1. For segment A:64-117, what are the residues that are of a type in the set (A, V, I, L, M), farther than 30 Å from residue B:109 by Cα and crowded, with 20+ Cβ neighbours inside 10 Å?
2. List the residue pairs whose Cβ atoms are under 9 Å apart, where the first residue sits in segment A:106-120 and is more than 10 Å from residue B:65 (Cα to Cα) and in the same structural domain as residue A:88 (by TED's automatic domain parsing), the second is part of a strand (DSSP E or B) and among the acidic types (Asp, Glu), and the two are 6 or more positions apart or on different chains.
3. Look at residue B:88 and say whether it is out of contact with any strand residue (DSSP E or B) (no Cβ under 8 Å at 6 or more places or on another chain) and among the small types (Gly, Ala, Ser).
4. If residue B:107 satisfies all but one of (1) in contact with a helix residue (DSSP H, G or I) (Cβ under 8 Å, 6 or more places away or on another chain); (2) outside any loop (DSSP other than H, G, I, E, B); (3) at the interface with chain A (Cβ under 7 Å from one of its Cβ atoms), what's the number of the condition it fails?
Number of protein chains: 2
Amino acid sequence: MKPRINVITLGVGDLGKSVNFYRDGMGLPTQGITGTQFEDGAVVFFHMNDNLILALYPRTALAKDAKVSLGPRSPAELSIGHLVGSKGEVDTIMNQAEKAGATITDPAHDRFWGGYSGYFQDLDGHLWEIAWNPQWDVED
Amino acid sequence: MKPRINVITLGVGDLGKSVNFYRDGMGLPTQGITGTQFEDGAVVFFHMNDNLILALYPRTALAKDAKVSLGPRSPAELSIGHLVGSKGEVDTIMNQAEKAGATITDPAHDRFWGGYSGYFQDLDGHLWEIAWNPQWDVED
């Protein structure tokens with residue numbers, strides 16, 4: 001397998017609310033909900049960096065498509081890391097997320113690894129870590 | 001927030017076993033476990049496409065770091081999409097994953113959206129969809 005990830009799909013409870021959160025609240029670009037002509041086809045794509053796509057898909061549809069059990073939600077399965085160029089930018093995005101309806105689980109603070117970061121959960125509990133790492137240049 | 005994802009961190013139960021799965025079984029490049037000089041610092045990084053990093057981090061450490069509850073594992077939280085250029089490549093990678101110890105939840109087959117894909121779960125239940133999409137060119 002080539003070291004390549006093309007799509008990250010997050011299972012969500014309410015596609016409409018999640019689009020609002022990521023598009024209107026967080027400012028991510030999307031054409032909105034597509035695929036509604038198919039049963040369990042409704043999905044939202046955000047075009048992120050370097051051809052990577054962030055997709056939102058109902059958890060029920062994902063479980064059905066992948067043939068796995070639905071189960072209760074679990075907050076410690078993954079974290080999406082978004083790196084920025086300064087501590088101030090971390091604070092700005094954490095504030096933006098909180099206003100958009102995210103749950104701040106760990107407000108931004110200095111980390112043992114030399115950087116500064118905070119965690120929030122989106123409407124479905126998916127973790128994002130907004131981080132500044134002095135050893136890591138960020139291309140805007 | 002800029003539309004950018006730098007890191008995808010997967011919570012795992014056994015870092016050593018998961019390194020073996022992704023490095024030796026799936027062939028992803030890594031320097032192995034690093035950060036062991038710090039409490040809860042042990043982590044594994046795989047350099048994927050376009051500066052994206054796939055990280056493995058113990059679920060217990062992720063929950064502690066992000067200040068969320070650990071909870072039982074849940075298989076329908078996310079799916080990582082890996083696109084390839086042909087149906088044959090999908091089959092090859094699905095076979096590779098099964099040999100490496102993955103659980104095939106949905107063997108590869110034609111999909112309603114016009115492509116061909118299969119799903120497997122890694123050692124911790126995280127879903128990967130290996131897919132060929134005739135409308136999507138893949139850069140190797």
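1. Pass one, segment A:64-117, residues of a type in the set (A, V, I, L, M): A:66, A:68, A:70, A:76, A:78, A:80, A:83-84, A:90, A:93-94, A:97, A:100, A:102, A:104, A:108.
Imposing the further condition that a residue be farther than 30 Å from residue B:109 by Cα reduces the set to A:76, A:83-84, A:90, A:93-94, A:97, A:100, A:102, A:104, A:108.
Within segment A:64-117, A:76, A:83, A:84, A:90, A:93, A:94, A:97, A:102, A:108 meet the criteria.
2. Close Cβ pairs satisfying both conditions: A:116/A:110; A:117/A:106; A:117/A:110; A:117/A:129; A:120/A:106; A:120/A:129.
3. Details: out of contact with any strand residue (DSSP E or B) (no Cβ under 8 Å at 6 or more places or on another chain): yes; among the small types (Gly, Ala, Ser): yes.
Spelling it out, residue B:88 is indeed out of contact with any strand residue (DSSP E or B) (no Cβ under 8 Å at 6 or more places or on another chain) and among the small types (Gly, Ala, Ser).
4. (3)
Residue-by-condition table, conditions (1) touching a helix residue (DSSP H, G or I) at 6+ places or on another chain (Cβ under 6 Å); (2) on the phi > 0 side of the Ramachandran plot; (3) assigned by TED's automatic domain parsing to the domain that holds residue B:95:
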position: B:25; (1), (2), (3): yes, no, no
position: B:49; (1), (2), (3): no, no, no
position: B:52; (1), (2), (3): no, no, no
position: B:71; (1), (2), (3): no, yes, no
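The values are calculated or read from the model by the stated rules, or taken from the named source; none is laboratory data. Predicted model, so just to flag it, every value in this text is computed and none were measured. Positions of Cβ are generated from backbone atoms using ideal geometry, with glycine treated the same way; all protein chains shown enter the neighbour counts.
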